[in-house]
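Values quoted throughout were computed directly from the atomic coordinates according to the rules given, and no laboratory measurement underlies them. If you're wondering where the values come from, they're calculated on a predicted model, not measured in any experiment. Cβ coordinates were reconstructed from backbone atoms using ideal geometry, including for glycine residues, and neighbour counts include every protein chain displayed.
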Amino acid sequence: MTKPKLKFNPVAQEYFENPYEIYKRMRDEAPIYYDEEEDFYALTRHADVAAALKDYESFSSSRGCDLGMVRTGEVPQRSIIFMDPPDHRHMRSLLNKAFTPRAIQSQRDTVVELVEHYLSKVDPDNFDVVQDFSGPFPVEVITRMAGVPEDFRQQVRHWIDTSLEREPGQIELSEKNMQANIDSAMYYYSLVQERRESPQDDMISRLIAAEIPDDEGNLRKLDDIEITGFTTLLGGAGAETVTKLVGSAVVEFARHPEQWQMLLDDRSKVPDAVEELLRYVGPVQYNVRYTLKEAHLPSGTVPAHKPVFLMKAAANRDPRAFDNAETFDITRDKAQSQNLGLGYGIHSCLGAALARLETTIALEHLLDFMPRYEVNFAGLQRVTMQNVAGYHNVPVRVLK
Amino acid sequence: MTQKVVVDFGLCESNGVCMGIIPEVFQLDDQDFLHILQEEVTPQNEHQIREAVRQCPRQAISISDE
């Protein structure tokens, strides 16, 4: 008997429901997967994905980071995730000092306050971890850092969700996706103009004041559109990712109560649990790159001028890189292979330290709030989104 | 031939992973600036330095021959 033909469809309903099944087949049967129908490549083995993330000269971000964008061949809006060096380096250096593990400690009190606030409002007998808790709190942290006034912080989350939402079979942006992008861009644009009038102690104001070298090496200011793009990205990347990681954490610990018990017994294991969650159920499934030239990888060659999926979530479960890769184990040896859950190389997650801090604080508080709990598995609802996976609903009941 | 630790400060973002692996070699000061306390790669520190090279999320660390 032959297996059905291997077909990776990033917008198929089966893929949204369980991405890990197809990753295994791709790693084993087609490490350099080519999709004839849609004309793209996909990498799933750890060695190949890590090598491609390092090789930014072959695997360019300048055409965008999702298949729909890369295929249009148009130059996307100027945003840091759509840049190669040297532009990327200039933009990144404007903000990275605000996101170092040391600098991000200044957000600790804010995170604790928000986590406590949202947990205090839920009904322990029946609440939704994502909708009532892990959705609302991270967006408040990042938009507050950016400088978004309180009344609009939750709105930012709804724009992001709508913008990333995909119907099964939909690769290009829908009108709904585009409208959400336009609405959020218009909002941020007007906010940038407000901050130009009256600067505050926030990131938008700092970006307005910043200068970067232009192509001739002269210093220049960022324009309103660049700052709008950067702020939009911060809001997106800094919110819905932790939302999904914490939602998935509650599901995984319900499936592995002995590991929840380990955390209850020893809170110092929480940071290791966060790393394992990033490996095992990290929200970012892939980013798409465009080959500027023929690229050579441990498993073979990718031709020039093709969209390539770098599938980090698949690489993170590659048994060639991790012992018992398909097993959730918070005690595993972290040094065995690079965890790609927050990316790797020049585009690795700017907010990595914030993501870790938020997830750690969220877990610590959940351990206190629900030392014993059950998930209503029948009520789990997964998101159907471009490049990220996780749950839209995680119904939980705290056990007495 | 000696081998030396090299940090690309254009890439380094003070994540401190290297310091966690081998603080005798890598130290972040309270301004988040990375200092190399001992640049020579020795048989005693080589294994951990290579671990730091591999685990740096920014790939900012390398080992050079001279």
Here the residues within the range A:5-17 that are among the aromatic types (Phe, Trp, Tyr) and not in a helix (DSSP H, G or I) are A:Phe8
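Report those strands (runs of 3 or more DSSP E) wholly inside the range A:249-331 carrying at least 2 residues which are surrounded by fewer than 16 Cβ atoms within 10 Å (Cβ to Cβ).
Working: elements: A:287-291, A:295-297, A:300-302, A:307-310.
Ranges flagged: A:300-302.
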Check your understanding: Being within 15 Å of A:Val130 (Cα to Cα) and assigned to a helix (DSSP H, G or I), is that true of even one residue in the range A:351-359?
Key -> yes
Screening A:Arg92, A:Arg102, A:Arg108, A:Arg71 for residues that are within 14 Å of chain B (Cβ to nearest Cβ), over 20 Å from A:Val192 (Cβ atoms) and among the basic types (Lys, Arg) leaves only A:Arg102
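Considering each residue of the range A:351-387, count those that are more than 14 Å from every other protein chain (Cβ to nearest Cβ) and in contact with a Ser or Thr (Cβ under 7 Å, 6 or more places away or on another chain), and give that number. So that I can check it myself, show each step before the final result.
In the first step, residues of the range A:351-387 are kept if they are more than 14 Å from every other protein chain (Cβ to nearest Cβ); the result is A:358-387.
Then keep just the ones that are in contact with a Ser or Thr (Cβ under 7 Å, 6 or more places away or on another chain); that gives A:362.
Selection size over the range A:351-387: 1.
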Expected output for the range B:26-50 (first residue in contact (Cβ under 8 Å) with a residue 12 or more places away in the chain, partner among the basic types (Lys, Arg) and assigned to a strand (DSSP E or B), Cβ below 8 Å, 6+ apart or cross-chain) is B:Glu39/B:Lys4; B:Glu40/B:Lys4; B:Val41/B:Lys4
Of the listed residues (A:Tyr56, A:Tyr33, A:Tyr20), the one being away from every other protein chain (no Cβ under 14 Å) and outside any helix (DSSP H, G or I) is A:Tyr33
Subset of the range A:319-350, residues more than 11 Å from chain B (Cβ to nearest Cβ) and under 22 Å from B:Phe9 (Cα atoms), comes to none
Just wondering, is there one or more residues in the range A:172-187 that are surrounded by fewer than 19 Cβ atoms within 10 Å (Cβ to Cβ) and small (Gly, Ala, Ser)?
yes
Scanning the range A:9-32 for residues that are of a type in the set (A, V, I, L, M, F, W, C) and without any contact (Cβ under 8 Å) to a residue 60 or more places away in the chain, the one nearest to A:Val284 (Cα to Cα) turns out to be A:Ile22
